[in-house]
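Let me begin by presenting the structure, written as structure tokens, before commenting on it.
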Amino acid sequence: MTSAIQVTNLSKTFRAGSRAVDDVSFSVAPGEMVALIGASGSGKSTLLRHVAGLVEADRDVGEGFVTVDNRRIQDRGKIDPDIRSLRRDIGFIFQQFNLIDRLSVLTNVLCGVLGRAPRWRTTFLWFTREEKRLAMECLARVGISGQAQQRASTLSGGQQQRAAIARALAQKARVVLADEPISSLDPASSKNVMEHLAAINRDDGVTVLVSLHQVDYAIRYCPRTIALRDGKIVFDGSSKKLTRAVLTDLYGDSSIELLGEQHETQDFRPPEHLPETPRLAPEAIPA
């Protein structure tokens, strides 16, 4: 079966000689939602940035290639020259939101369509009415259409991360990579963000690979988990198997930072559905 994400023998060594990613290989099937867990410094963020083509892998170690949606992102440390085009279908949700504070929430979401627009429109941030309708619908899906005209800097952390998810929806990304999207959020906002990621995976068939710092969220929202330690994969399987004993065996004392207070006692069934997307009246779409 064709993989949505294929990573083969990928390694990354930094100048200090430490290997952040060490001969990593895995695949993610289309429509899967997979968690990437590990203690601090395990290589989660570095690995995601390689998958997105933001970082070049080692050139002299193994095969070292990354394929997304059957298109080669990088091969032996060489990123495809047409990476801008390849990234059109890859949404990247950053830990610190990566919104432009001075622009409105709506304009930030509209930036998701720029990868498919002519370069002159990228320069002038000019958008069609249909694109604005799409962006408003995406904001409605994540519950913040009422904040569309606010500056991004005025939103709470949870709202900013939902705006980032709306941007990926507007981009029509087929693969979403989320780099610790809830690490700086309170529990209620974390739950909200994870439910929206689960919804676009379930309802839109979008492949989601999300790095998480607490295993509770992996168990609740991701059927499969890949665990990293010192840049190597030490577990790849059903999230339900990540008991306290297994995590302690994998990480030793470092397992403490991965275990939430509710681990193994909470009901981790994911929500059945989110509220339906509100229909937008014509006057709700900016001219």
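The values are calculated or read from the model by the stated rules, or taken from the named source; none is laboratory data. Remember, predicted model here, so these are calculated numbers, not experimental data. Counting neighbours? That spans all protein chains shown, and the Cβs are built from the backbone with ideal geometry, glycine included.
Looking at this structure, is N108 on the phi > 0 side of the Ramachandran plot and in contact (Cβ under 8 Å) with a residue 40 or more places away in the chain? The answer is no for N108.
For the range 216-247, filtering for residues that are among the β-branched types (V, I, T), crowded, with 20+ Cβ neighbours inside 10 Å and over 20 Å from T46 (Cβ atoms) leaves 1. Exactly one residue out of R87, R76, R102 is more than 25 Å from Y251 (Cβ to Cβ), of a type in the set (K, R) and within 19 Å of the chain's Cα centre (by Cα), and it is R87. Can you confirm whether R84 is surrounded by fewer than 22 Cβ atoms within 10 Å (Cβ to Cβ), free of Cβ contacts under 8 Å to residues at least 60 places away in the same chain and farther than 29 Å from T46 by Cβ? Taking the combined requirement at face value, the residue does not satisfy it. Candidates in the range 1-45 are the residues that are free of Cβ contacts under 8 Å to residues at least 12 places away in the same chain and not small (G, A, S); of these, the one that is surrounded by the most Cβ atoms within 10 Å (Cβ to Cβ) is F14. Residues that are of a type in the set (K, R) and closer than 18 Å to L48 by Cα within the range 210-247 comprise R224, R229, K232, listed in sequence order. Of all the criteria given as (1) buried (at least 22 other Cβ atoms within 10 Å of the Cβ); (2) out of contact with any helix residue (DSSP H, G or I) (no Cβ under 8 Å at 6 or more places or on another chain); (3) without any contact (Cβ under 8 Å) to a residue 60 or more places away in the chain, the one not satisfied by L48 is (3). Filtering the range 180-203 down to residues that are buried (at least 18 other Cβ atoms within 10 Å of the Cβ) and hydroxyl-bearing (S, T, Y), which residue is nearest to R224 (Cα to Cα)? Filtering first and then ranking leaves S190. Of the residues making up the range 97-122, those that are closer than 14 Å to Q160 by Cβ and at pLDDT below 85 number 1.
Taking only the range 172-191 into account, find how many residues are over 13 Å from the mean Cα position of the chain (by Cα) and touching a residue at least 40 places away in the same chain (Cβ under 8 Å). Adding up the residues that qualify gives 2. Quick check on my filter: what residues within the range 114-147 are within 21 Å of A199 (Cα to Cα) and aliphatic (A, V, I, L, M)? Selection gives L134, A135, M136, L139, A140, V142, I144.
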